[in-house]
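Below: the structure, in C-alpha cells.
The values are calculated or read from the model by the stated rules, or taken from the named source; none is laboratory data. Fair warning: this is a prediction, and the values are worked out from it, not measured in the lab. Counting neighbours? That spans all protein chains shown, and the Cβs are built from the backbone with ideal geometry, glycine included. Remember, those area values only see protein heavy atoms, side chains included, never the ligands or the DNA or RNA. Shrake-Rupley method; radii C 1.70, N 1.55, O 1.52, S 1.80 Å.
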Amino acid sequence: MATGGRPTGGGDRARYAQLLDHAGRATVGLRPAPGAAAPRMWGSGVFVAPGWVLTCAHVLAAGDGRRRETGPDGVVGVAFGGRVAAARPTYDLSRPAPEAPSGAARADLALLRLLDPEPRHPCAWLSDQPATLLEDAYIFRGHDRSGGDPAAEGGEEGHGGASRLGARADRDAPASPVDPFIAVRFGARDARGLQFGSDVRVTPGASGGPLIDCDRGEVVGIVKGRHLQDHVGLAVPVTALRGLGPEHLVAGAEGLGPDPYHALMSLHDRWHWAGQELGRATGPTWFDAQHAIMAGRGRLWGVQERLQALDLLARLPAPRDPLAVEAAVGEALERGERPAAWSLRTWRDGHGALYQGSDPYTELRTFVHYLRIVAQLTADGVRDEPGEEAAAVRAQAVRLAEFVQAKAVVLQPQDRRRIGPVRRRPRSVLVEFEPLFYDEGAAELFNWSVSEGYGQGQWLRVDVQESAGGVPFEQAREQVLRQLGGRLLRADGAAGPGARVRLEVAVPEGRWHTAAGRWEVAASARRTAHLRPVGPGRAVILRDQGRREQVDPAWLRRWQGLHAAPALQALRVGPRRGAGARPGTCAESVWRLLETAGEGALPALCHTVADGFGRDAVGVALDTGFPAGLWPARGHGEERGCDAGCEEFHRGVRELLEGSGGVARLPELVRQLRAKAAEAAEEGTHWARDLVLLYDDPEDPIPPLFTDRPQVSPR
C-alpha cells in the first residue's frame, strides 16, 4: 500500500479518516530541547495522558547507546501542533529491576512528562486488550514543523536485532516528502512483539510512534524498528506497559507514585471520558471516531459502555493483589481459577481480558458480571476503614454498582439473579460460646455456634450446636475444633487468593483468659491432616459475648476515640492495696483510672483474668466502654505480686502500641508477635505466646443469640 492519499488493499482511508486525524494530532516528534541549534528529530512518540508521552526508550539514546544531549535537568523537546514543548524523561522500562535475573526481558518503552503544568493536547486511546492479528492498521510518524522537512530530520543509526529486524526506524534518510503515516497490510504477535508488514519501507523517524488497529480504533503497539532489507517492522505491544513500576523512575524525576501504571491509565481513561461531557467537548473526539467505525456491528457492549466503565474503574483504587483481577475474570468467564493468558494488573486489564468473541448477549452479561464483582470487592476492601478517603472509595463503588444495575436491565431474569447477588467475601469466622446459667453451684454448660462475618454486623451462621442441656466448656471447645480448620480454609477460599480470614472468639465473663491463638486446627482438608496452632498464621481476637446489637454509647465513643487518637498508650491496670480495697474486687481508684483514661489508652493487665481482681478489672473496662485490651492467658494471681516477667510483658505491650500506627493494625501486629514467639525467631517475644487481644468493634457487633430471625445471605 502506498503512503499517499490513495487507499488500496484492505484499509479504507475514508472510513478511518476521523480516527487517522486524531492519531496524527496525538503523535509527536522528539528532538533536542526548545531553542537548541540545528535540531534534528530523534524519533516519535504519542500522547497517552495529559502531559505524558509514550515512546521507545531507545529513541532517547544515540546510535552508540549513549543518552542524547539534552538541556538542563535532562530536558528534551516534544514537537506537536506547530510548537516545541519542553519535557523530561521520567520512566525508562528498559532499565532492569534490581531483583530481575540476568537476561530478563525488558520493554523498550519510556515515558516523558511535559513541564507545562496545564498542557493542552489530544491523547490517543490505548487498547486494554492484547493485539494478536492486525488487518487494517497504520503506523504514525511524528513531525517537526519548527524547521525543515520532517524526513530531513531523521534520527541516528539504530541498533540491530535478530535478522536485523530490531534496526531502528529512526535512521537518517535522504530528504523527501513523507506522509505522517503508512498503512500496514499484515500484523501478528510473536515472542518478540508485534511484527507488521507494509508495501513500502517504514518511514525514518517512526520509532516510538503509535501502531493503530483501525478495526478497534486503538493504539495496540509502539513502533520499535524496521528490517533494513524489506518492508517488515516490529512494535512493542502497549500491554508491555503493565510492567511499569516505581523502579523505572529516572533519577531526579517526579513520578506518579507507588503504582505508576495504575495512575497513568487512570489519567488516560478519565481524560477520554471527560471529553464526552456535555458542554466540554469542543469537537469530534477519539470516541466519536471509534463509534463511527463500530456502528452497525450489533454489539450490546459497545464503545460507549466501555468508555464509561473504564472511567468508573479508573476512579477506584488499584487492586491490592493482581491475583484478584484474574480471579474476577475467571468468575465472570465461568472458567474457574484457571489463570489468564496475559498478565493482569488492574481492573482495566481485567476488562480487556473479557473480549472472547462471544455473541453480543453473552458478552454483555460477562462484562456486567465482572464489573459487579469489582464493585463488591472494592466496597468490601474498605468497609471497615474510617476517614474521608475510605468513604470516597465506597461512594465510587456504589456508582459502579449503579452503572451495572442500569446495564443489567436488558438481561434475562435468571441472569440478573445470578449477577446481582455476587458471592460475598467473608472477612472473619466467629466462634461463639453461649453459657446456659443454672443455680449457683451447678456446673456451667454451653451451646456454641460458628458464623461467617462480612462486616458492619452482617453475619451468616454456618454451624450451630444447640441443646437444652448444653455441654461443659472444654467439650464445647473440642467440638468446635474438630471442624474449625475446614471452616477456616473454606472461608479463606471464598475471601480470595492468598486470604487468611480473621478468627473471632466470643466468650462470656469468666472465660476471658481463653487462649484461642494457641488452638490447634487441621492444616488442610486431608482426613489425616496435621494440627497446627491457629494464632501464628492468622489474626485471632477475643470478643465479649455480652455485647451485641445494642451498642452502648460509651463503647462506641471509646472506639471512635481510639481511631482518632494520634497514638496508642498502654494503660497498666493493677490492684492498689489500701482503704476500701478487698481481694477479688476493684477499688474505686481502678474505676477512676479507667473512666478518666485518654482516647488512645488501652488497658493492659498482667494478672489472670479468669477470676479475682483481673476478672473484675476486665468487667470494669467493658462497663466503661473499652473496646480493646491486652493480657496474657496465664497471668499471675493475687497471691503474689508482679515480678520481672510482668515488667517484660508491660514493656512489650508499650512497644507494641507505640509502633502500631493505629488500633486497626493491632490484630495483625499481634499475629506477627505470636508467629515470632512460636518460632523463637526473635529474643524477647516469648511473653506473646499466649497473648490475648480483646478487640470488640461496636460498628461490627456480633450477631443476635440463637434465634430464627433472618441473617445475611452469602450471595
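Odds and ends about this structure:
- Only one entry in Ala581, Ala564 is at pLDDT below 90 and among the hydrophobic types (A, V, I, L, M, F, W, C), namely Ala581.
- For Arg171, the stated conditions do not hold, so it cannot be described as open to solvent by 30 Å² or more (accessible area, probe 1.4 Å), at pLDDT 80 or above and either assigned to a loop (DSSP other than H, G, I, E, B) or under 30 Å from Glu305 (Cβ atoms) (or both).
- Selection count, region 129-143, where residues are in contact with a Phe, Trp or Tyr (Cβ under 9 Å, 6 or more places away or on another chain) and part of a loop (DSSP other than H, G, I, E, B): 7
- Summed over region 533-559, residues that are surrounded by 17 or more Cβ atoms within 10 Å (Cβ to Cβ), within 33 Å of the chain's Cα centre (by Cα) and not in a strand (DSSP E or B) total 9.
- Screening region 640-664 for residues that are in a loop (DSSP other than H, G, I, E, B) and either among the aliphatic types (A, V, I, L, M) or out of contact with any helix residue (DSSP H, G or I) (no Cβ under 9 Å at 6 or more places or on another chain) (or both) and picking the one that is farthest from Arg572 (Cα to Cα) gives Arg640.
Conditions tested, residue by residue: (1) modelled with pLDDT of 90 or more; (2) within 26 Å of Ala610 (Cα to Cα).
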residue	(1), (2)
Glu402	yes, no
Pro421	no, no
Arg424	no, no
Leu430	yes, yes
Glu440	no, yes
Glu466	no, yes
Val471	yes, yes
Gln475	yes, yes
Gly498	no, no
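- Qualifying residue in region 343-351 (condition: farther than 17 Å from Ser266 by Cβ and modelled with pLDDT under 90): yes
- Counting the residues of region 484-505 that are in contact (Cβ under 8 Å) with a residue 24 or more places away in the chain and over 18 Å from Arg671 (Cα atoms) gives 8.
- Breaking point among (1) surrounded by fewer than 17 Cβ atoms within 10 Å (Cβ to Cβ); (2) touching a Leu at 6+ places or on another chain (Cβ under 6 Å), for Ser660: (1)
- Scope region 228-266; condition under 23 Å from Asp349 (Cα atoms) and in a loop (DSSP other than H, G, I, E, B); matching residues: Leu244, Gly245, Gly255, Leu256, Gly257, Pro258, Asp259
- In region 477-494, of all residues being among the small types (Gly, Ala, Ser) and surrounded by 20 or more Cβ atoms within 10 Å (Cβ to Cβ), the one that is nearest to Ala516 (Cα to Cα) corresponds to Gly485.
- Within region 245-296, the residues that satisfy the criterion of being under 18 Å from Val48 (Cα atoms), open to solvent by less than 40 Å² (accessible area, probe 1.4 Å) and more than 25 Å from the chain's Cα centre (by Cα) are Gly275, Thr285, Trp286, Phe287, Ala289, Gln290.
- Filtered residues of region 1-21 (kept if part of a loop (DSSP other than H, G, I, E, B) and either modelled with pLDDT of 90 or more or open to solvent by less than 10 Å² (accessible area, probe 1.4 Å) (or both)): Tyr16
- Check on Glu389, closer than 24 Å to Ala564 by Cβ and not in a helix (DSSP H, G or I): no
- Selection from region 349-372 of residues that are over 17 Å from Ala324 (Cα atoms), open to solvent by less than 20 Å² (accessible area, probe 1.4 Å) and of a type in the set (D, E, K, R): Glu363
- Check on His636, farther than 23 Å from Ala506 by Cβ, open to solvent by less than 20 Å² (accessible area, probe 1.4 Å) and touching an Asp or Glu at 6+ places or on another chain (Cβ under 8 Å): yes
- Residue match in region 612-623 (condition: open to solvent by 10 Å² or more (accessible area, probe 1.4 Å) and in a loop (DSSP other than H, G, I, E, B)): no
- The listed residue being small (Gly, Ala, Ser) and at pLDDT below 75, out of Ala124, Ala206, Ala97, Ala107: Ala97
- If you go through region 499-532 and keep only what is open to solvent by 50 Å² or more (accessible area, probe 1.4 Å), in contact with an Asp or Glu (Cβ under 8 Å, 6 or more places away or on another chain) and over 20 Å from Gly635 (Cβ atoms), you end up with Arg500, Leu531, Arg532.
- Residue that is surrounded by the most Cβ atoms within 10 Å (Cβ to Cβ) [pool: residues in region 584-611 that are at pLDDT below 90 and within 23 Å of Thr514 (Cα to Cα)]: Cys586
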